[in-house]
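S.K.: The structure is given below, and queries will be raised subsequently.
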Amino acid sequence: QVQLVESGGGLVQPGGSLRLSCVASGFTFSRYVMSWYRQAPGKERELVAVITTYGRSTNFLESVKGRFTISRDNAKNTVYLQMNSLKPEDTAIYSCNGKNVYENIDFWGQGTQVSVSS
């Protein structure tokens with residue numbers, strides 16, 4: 001059974017930090033490019049960060065560059081998103097995605113809520 005389970009969301013004040021985790025099972029994790037997406041109410045889902053299969057390359061949404069870091073631990077089948085200097089506009093449901101680019105297959109988690117407010 002394929003599963004992606006996110007955790008680590010919550011309510012933080014502006015300027016605070018949060019670390020999201022996504023634990024994968026049911027597929028060969030190291031063969032999948034992993035990403036974090038987010039969707040705020042009334043807005044389109046947007047790609048936040050991407051990490052290649054062995055973590056050699058990462059890319060970020062321009063608005064989070066310098067504040068967010070994506071990493072992965074293939075031995076633990078886990079991808080992380082470290083979020084620092086959080087802003088109210090970062091408030092959204094954050095979802096984990098795994099994509100096999102060669103077979104056009106991808107999987108999604110249920111998402112975790114991140115709220116940034118004073």
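The values are calculated or read from the model by the stated rules, or taken from the named source; none is laboratory data. Small disclaimer: the values here were computed from a predicted structure and weren't measured. Using ideal geometry, Cβ is built from the backbone for each residue, glycine included, and neighbour counts are taken over all protein chains shown. Accessible surface areas use protein heavy atoms only, side chains included; no ligands, DNA or RNA. Shrake-Rupley method; radii C 1.70, N 1.55, O 1.52, S 1.80 Å.
S.K.: Find, among the GluC sites (Glu not before Pro) in region 40-90, those assigned to loop by DSSP (not H, G, I, E, B) with at most 10 other beta-carbon atoms within 10 angstrom. All intermediate terms of the calculation are to be shown ahead of the outcome.
M.R.: Working: sites: Glu44, Glu46, Glu62, Glu89; in loops: Glu44.
Taking region 40-90 and a limit of 10 other Cβ atoms within 10 Å, the loop GluC sites (Glu not before Pro) found are Glu44.
S.K.: For region 13-72, would you read off the P(r) tail past 17 Å as a percentage of all alpha carbon pairs? Mind dumping the intermediate values first?
M.R.: Numbers: 848 of 1770 pairs.
More than 17 Å apart: 48 percent of the Cα pairs in region 13-72.
S.K.: Mind checking the per residue accessible area of the chain for me, 1.4 Å probe, whole number of Å²?
M.R.: 56 Å²
S.K.: At 1.4 Å probe size, what's the solvent-accessible area of Thr69? Round to the nearest 10 Å².
M.R.: 70 Å²
S.K.: Tell me which chymotrypsin sites (Phe, Trp or Tyr not before Pro) from region 47-99 have a DSSP coil assignment and no more than 15 other beta carbons within 10 Å of their own. Before the final figure, lay out each step's value.
M.R.: Values: sites: Tyr54, Phe60, Phe68, Tyr80, Tyr94; in loops: Tyr54.
Passing both the DSSP loop test and the Cβ count: Tyr54.
S.K.: I'd like the carbon and sulfur percentage of the solvent accessible area for the chain, probe radius 1.4 Å, heavy atoms only, ligands and nucleic acids excluded.
M.R.: 45 percent
S.K.: Where the convex hull is taken over the Cα atoms of the chain, what is its projected area averaged over directions, in nm²?
M.R.: Averaged projected hull area, Cα only: 7.1 nm².
S.K.: Now for a separate question. With viscosity set to 0.692 mPa s and temperature to 37 °C, compute the Stokes-Einstein D of region 49-118, Rh being the Kirkwood radius across alpha carbon pairs; µm²/s, no decimals.
M.R.: D, rounded to a whole number, is 244 µm²/s.
S.K.: So, one more: Identify the residues of region 1-41 with backbone N under 20 Å of a label point that sits 7 angstrom from the Cα of Tyr54 along the Cα-to-Cβ direction, or state none.
M.R.: Only 28-35 pass the distance filter.
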